[in-house]
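K.L.:
Have a look at the structure that comes next, please.
What follows is calculated from the coordinates using simple rules that are stated; it is not laboratory data. Being a predicted model, the structure only gives us computed values, none of them experimental. Virtual Cβ from ideal backbone geometry, glycine too; neighbours counted across all protein chains shown.
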Amino acid sequence: MLNPAFEGVKNIKYRGMLAEHKRKMRLVILFLIVTSILFTIIYWSMQGSGQSFHVEVLVSSDTVGEIDPKIYGHFIEHLGRCIYGGVWVGENSPLPNLKGLRLDVLEATRAIKPPIIRWPGGNFASGYHWKDGIGPRDKRPVRVNSAWGGLEPNQFGTDEFIEFCREVGAEPLIVVNMGSGTSQEAAEWVEYCNGDPSTAYGRLRVENGHPEPYNVKYWMLGNEMYGEWQIGHMDADTYAKKVIEFAEAMRKVDPSIKLIAVGWFGTSGEPLYWNRKVLEVAGDYIDYLSLHTYCWKPRYDDYYTIVNYPLSVEEDLKKIVDLINSVIRNKPEKSIKIALTEWGVWYENATAGLTQSVRLCDGLLAAGMFHVFHRLCNNITIANFAQLVNALPAIVTDDTGGIYVNPIYLAFKLYSDNTGRIVLKTSKRSAFASLLDVSATMSEDGNCLYLAVINKDPNRKLSVKIVLEDFKPKNKCKISQLNGPSVFSKNDFKSPDVVRITEAFTNITLMDDYFIYDFDPHSVTIIVLEREIG
Ligand code: AHR
């Protein structure tokens, strides 16, 4: 039993504590109200005035390195309607063509200035015998396409491929058959392409109507030879030894060729073992390690997995670069670069001929891959998108003369028109920074700065303060933007322009060394700034 006097004291004490508690609560509530009002004011001022911003980007005058234009390369394979119906229709086709090459595809390809094109596969290369594809077309054998099924009419062969490359201004990259082919067959292919008329196969090329050597510089030694889906696949030790055999035979014919060995995209387990073995055993014989990476069957509506895919690729590529450097560490004169000879997006619902719908988010993914290639420009010097026409496609055609281009094609167009050779260092900060992917490049004469920004935010415009170090631009600039109504918008034959590039010339308001620009949701924007001289 408590003493009542004590009870009274206790009540007074409680009442006092309660009052103190209420006072503190009022202060907390007041604090919350004031901060949320302030936050709202700041947020709306960022939306409205253009003076505040979500992200600050610093474009440094320090350089990362120089871009090799071959990172914007393509790939065509005897698969589905990529070659037949895509690149090639034949001279007798009712569709407009140039020496059998489909004209609308030729023009669309020219417009993205492909620096290098890889052929004939892919998996197809491991069953292809090049001699089937030369000489008079009506005498060429029809074979089974042992990689993809169906028949291979051999109407498009080495001479047609070189013609296509010449017409679009691309360097050819040929994949030799290491699945069912021999080193002798590969060496004879080099001779057919590069030999002078005094050689047996050089003469054959002349007889086929091509007096000048083709001087094909880039040759790849097989395709994905580690994979059980590959005709003649083999283990790492066997492949590494075969690389030496093929390299010696092919270089005997033309010592100036550049050789690309098959690597395996991955950083642990079997891919790591494979890459290390190839580099250790055959490193002295090769100029490039090839890698293939696809955003492999992502959920169709998983926007962030798709648009962030390039960032995971970047992490793996850095580790593979480290592996290459560790193996060639003691050979200062040796350099082995990475050739990403296949990259792209491959959806679950792709058909047997690898047709699929490509959406704006895939265009954002492509732009993200370009930014990775820019950041790693000292190590990645060749890349080939898989594939140019009709298979996982950049360009889509039908058999009655219809054609349209996908958002991935448009990303190629945007960057091939608006990228400098020199990569500048950039940094970004704020909580919103991960929604932006930024790449800044400069022309070789230092007079043009290309600022490429991907805004991955699916809903919000992001206001960005862009600080330019040692670059005072003219006020007037060109702004090109790839965008569409939503992240999953796409083009098709009926509506070929839903996703598109818009171009505008506008004035920026430069304040000291910075300006502010609002980037639209789900867009890729390149701002081209010219240096103010004087
Ligand atoms: O690009 C389609 C296929 O994907 C290629 O033939 C093969 O190399 C890869 O697995």
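K.L.:
Express the relative contact order of the range 135-182 as a whole percentage, based on alpha carbon pairs under 8 Å and six or more residues apart in sequence.
P.N.:
22
K.L.:
Sticking with this one: May I ask you to list the trypsin sites (Lys or Arg not before Pro) in the range 275-309 that are in a DSSP loop and have at most 15 other Cβ atoms within 10 Å of their Cβ?
P.N.:
Answer by residue number: ARG299.
K.L.:
Within the range 73-129, report the trypsin sites (Lys or Arg not before Pro) that DSSP leaves as loop and that have at most 15 other Cβ atoms within 10 Å.
P.N.:
LYS99
K.L.:
So the label point goes 7 Å from the Cα of LYS99 along Cα→C-beta, right? Which residues of the range 209-226 then have their backbone N under 16 Å from it?
P.N.:
Within reach of a label on LYS99: 209-216.
K.L.:
Per the helix-only calculation at 222 nm, which mean residue ellipticity applies to the chain, given -39500 (n - 2.57) for every DSSP H run of n ≥ 4 and division by its residues, nearest 500 deg cm²/dmol? Can you show the working numbers first?
P.N.:
On the way: 11 runs with 168 residues, N = 534.
Here the helix-only value at 222 nm equals -10500 deg cm²/dmol.
K.L.:
Follow-up question, since we're still on this one. ASN208 to ALA352: extension gain in nm, 0.36 nm per residue of separation minus the Cα-Cα distance?
P.N.:
48.4 nm
K.L.:
How far is helix 309-327 tilted off the main Cα axis of the chain, in degrees rounded to 10, range 0 to 90?
P.N.:
60
K.L.:
Now for a separate question. Have a look at the range 369-422 and give its Rg and Dmax from the Cα atoms, expressed in angstrom.
P.N.:
Cα radius of gyration and Dmax of the range 369-422 are 13.6, 44 Å respectively.
K.L.:
Among residues other than LEU311 whose Cβ falls under 13 Å from its Cβ, what is the net charge (Lys/Arg +1, Asp/Glu -1)?
P.N.:
Around LEU311, the surrounding residues sum to -1.
K.L.:
Further, regarding this structure: Given 0.36 nm per residue, what is the gain on full extension from GLU315 to ARG110 after removing their alpha carbon distance, in nm?
P.N.:
Numbers: separation 205, 0.36 × 205 = 73.80 nm, distance 3.25 nm.
Working it through step by step, the gained length comes to 70.6 nm.
K.L.:
For LEU354, what is the net charge nearby, where nearby means another residue's Cβ is under 13 Å from its Cβ and Lys, Arg count +1, Asp, Glu -1?
P.N.:
With Lys, Arg at +1 and Asp, Glu at -1, the net is -1.
K.L.:
Let me ask another. How high is the relative contact order of the range 384-527, in percent, with contacts defined as C-alpha pairs under 8 Å that are six or more residues apart?
P.N.:
On the way: 259 pairs, mean separation 36.8, N = 144.
Taking the mean separation of contacting Cα pairs over the length of the range 384-527, I get 26 percent.
K.L.:
Something else now. Along the Cα-to-C-beta direction of ASN475, a point sits 7 Å from the Cα; which residues of the range 483-510 have their amide N less than 13 Å from that point?
P.N.:
Residues 506-510 fall inside that zone.
K.L.:
Another question, if that's okay. Could you work out the relative contact order of the chain, using alpha carbon pairs under 8 angstrom and six or more residues apart, expressed as a whole percent?
P.N.:
Numbers: 1119 pairs, mean separation 94.7, N = 534.
In percent, rounded to a whole number, it is 18.
K.L.:
Let me ask another. Angle check, please: helix 4-48 long axis (alpha carbons) against the longest principal axis of the chain (alpha carbons), in degrees 0 to 90, nearest 10.
P.N.:
Roughly 40 degrees between the two axes.
K.L.:
Still on this structure, I have one more. How much length is gained if the chain between LEU30 and THR305 is pulled fully straight, taking 0.36 nm per residue apart and subtracting their Cα-Cα distance, in nm to one decimal?
P.N.:
Going from the current span to full extension adds 94.9 nm.
K.L.:
Rounded to two decimals, what is Rg over Rh for the chain when you use alpha-carbon atoms and the Kirkwood radius? Spell out each step's value before the answer.
P.N.:
Details: Rg = 28.8 Å, Rh = 25.7 Å.
Expressed as Rg/Rh, it is 1.12.
K.L.:
Just tell me the longest site-free run in the chain, where the sites are GluC sites (Glu not before Pro) in a DSSP loop having at most 10 other beta-carbon atoms within 10 Å.
P.N.:
1-227
K.L.:
Would you kindly derive the ³J(HN,Hα) couplings of the range 332-340 from the backbone phi angles with the Karplus curve 6.51 cos²θ - 1.76 cosθ + 1.60 (θ = phi - 60°), listing them in order in whole Hz, with x for Gly and Pro?
P.N.:
x, 7, 8, 9, 10, 9, 9, 10, 8
K.L.:
Work out the length of the dipole vector of the chain about its Cα centre, built from +1 on the beta-carbon of each Lys and Arg and -1 on the beta-carbon of each Asp and Glu, and round it to the nearest 20 debye.
P.N.:
2120
K.L.:
Under a plain spin-label model, where a point goes 7 Å from the Cα along Cα-to-Cβ, how far apart in nm are ASN92 and ILE244?
P.N.:
5.1
K.L.:
Let's test the formula: R0 of 25 Å, r as the Cβ-Cβ distance of LYS258 and ARG143. What FRET efficiency results, to the nearest 0.05? Mind showing how you got there, number by number?
P.N.:
On the way: r = 29 Å, r/R0 = 1.17.
It comes to 0.30.
K.L.:
Which loop chymotrypsin sites (Phe, Trp or Tyr not before Pro) in the range 463-534, with loop taken from DSSP, have no more than 15 other Cβ atoms within 10 angstrom of their Cβ?
P.N.:
PHE493
K.L.:
According to the square roots a ≥ b ≥ c of the eigenvalues of the Cα gyration tensor, what is the shape class of the range 406-500, taking rounded for a/c under 1.5, prolate for a/b larger than b/c otherwise, and oblate for the remainder?
P.N.:
Oblate, since a/c reaches 1.5 and b/c is not below a/b.
K.L.:
Measure nothing fancy, just the Cα-based angle from helix 407-417's long axis to the longest principal axis of the chain, in degrees from 0 to 90, nearest 10.
P.N.:
Tilt relative to the chain: about 90 degrees.
K.L.:
For the pair TRP229 and LEU272, how long in nm is the line joining their label points, each one 7 Å along Cα→Cβ?
P.N.:
So the two model labels end up 2.5 nm from each other.
K.L.:
Along the Cα→Cβ direction, 7 angstrom out, place labels at HIS21 and THR63. What is the inter-label distance in nm?
P.N.:
6.9
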